[in-house]
Amino acid sequence: MNIISVQNIQKAFASNQALKDVSFDIPKGEIFGFLGPSGSGKTTLLKILTAQLDPTNGGAAVLGKPAKLMQKSEQKQRFGILTDTSGLYERLSIEENLDVFRRLYDLPKSSIDKVLDFVNLNADRKKRVSVLSKGMRQRVTLACAIIHEPELLFLDEPTSALDPVNTAHIHKGLRYLNEKGTTIFLTTHDMTEAESLCERVAILHKGEIRAIGAPAELKKTHRDGTLTVELTSGKTERLAMNEDAAASIASWMTSGQIDRMYTNELSLGDIFIKLTGSELV
């Protein structure tokens, strides 16, 4: 079953074509990464999928319904969303903000404790939102998005303001949610995050999908057919993978000269640059 189905989506703002004929499907239970630099169209598509924008052409289905229905109350119960414009009540504490969402979804008070543990903010629950750092605000917003353990979670750059410790903590929590059945649509320009979390990724550049697949498959497709052998002497050899290389490796192995050996695969960031000619920023 596909949780999201996007068919030939286009979106234009005046003369700017933000999305150009974008199509893909996301099955239930997948963590899907939508990758690209700022301005590539990631957030525009997310807004179309959550009925905040209408496409110029094409269509999409989300949770088995047309995407334009996602702002209906019965559909809002089924998904969560984190964006840089997600609102919090400045004068309320973290706990009080979460209590608003708890009541909205008719959840027990224990749901607040659970989600505060998820975002590593239990010790700060009484702090007012107005005094929080950007990273703490981001974690509170994420907590509001997941307090009801939605079927589908949209995350727009979820760890962009977080330090490595809290990023790792959030990643662990997202994997836990996914294991319990939540499908996750993740937009990011952080290729390390995408490779760590996502089963499949789509690389978006100037409104077009340039590649789609599992990170390992993309790296395999774009590797250069060579391997590197580091010898105990300190010498490094880069070899084409052929019969001559096999003979050399066998000789070095027999004499115990190999310290380390690996294929020369590109990173996701390298693949992005190869496909688009652009640096990730």
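The label point for Lys235 and the one for Lys206, both projected 7 Å from the Cα toward the Cβ, are 4.6 nm apart. Taking the Cα atoms of the stretch 38-173, the ratio Rg/Rh between the radius of gyration and the Kirkwood radius comes to 0.98. With protein chains left intact and a 1.4 Å probe, residues in the stretch 191-281 average 56 Å² of accessible area per residue. Return the carbon/sulfur percentage of the accessible area of the chain, one whole number, probe 1.4 Å, all protein chains in place. C and S atoms contribute 49 percent here. Once the mean 1/r over all distinct Cα pairs of the stretch 1-91 is inverted, what Kirkwood radius in angstroms do you read off? Evaluated over the stretch 1-91, this radius sits at 14.0 Å. Rounded to the nearest 5, the antiparallel percentage of DSSP beta bridges internal to the chain is 65%. The Ser248 and Leu275 beta-carbon pair, evaluated with R₀ = 22 Å, returns a calculated FRET efficiency of approximately 0.10. Charged neighbours of Ser73, selected by a Cβ distance under 14 Å, balance to +2 (K, R count +1; D, E count -1). Based on Cα atoms of the chain, Rg over Rh with Rh as the Kirkwood radius reads 1.07. Run through the stretch 69-131 and list the trypsin sites (Lys or Arg not before Pro) located in a DSSP loop whose Cβ has at most 13 other Cβ atoms within 10 Å. Listed in order of number, the matching sites are Lys72, Arg91, Lys109, Lys126.
With R₀ set to 41 Å, the beta-carbon distance separating Gln7 from Lys180 gives a calculated FRET efficiency near 0.90. D by Stokes-Einstein for the stretch 104-187, Kirkwood Rh over Cα pairs, 10 °C, 1.306 mPa s: 120 µm²/s. Taken per residue, the accessible surface of the stretch 31-121 reaches 49 Å², heavy atoms only and a 1.4 Å probe. Legend: P(r) of the stretch 161-264 from all alpha carbon pair distances, 10 Å bins from 0, whole percents, reading 12, 29, 22, 22, 14, 0.
The values are calculated or read from the model by the stated rules, or taken from the named source; none is laboratory data. Bear in mind that the values here come from a model prediction, so they are computed numbers and not experimental data. Glycine also receives a Cβ, built like all others from the backbone with ideal geometry; neighbour counts cover every protein chain displayed. With ligands, DNA and RNA removed, areas are computed over all heavy atoms of the protein, side chains included. Shrake-Rupley method; radii C 1.70, N 1.55, O 1.52, S 1.80 Å.
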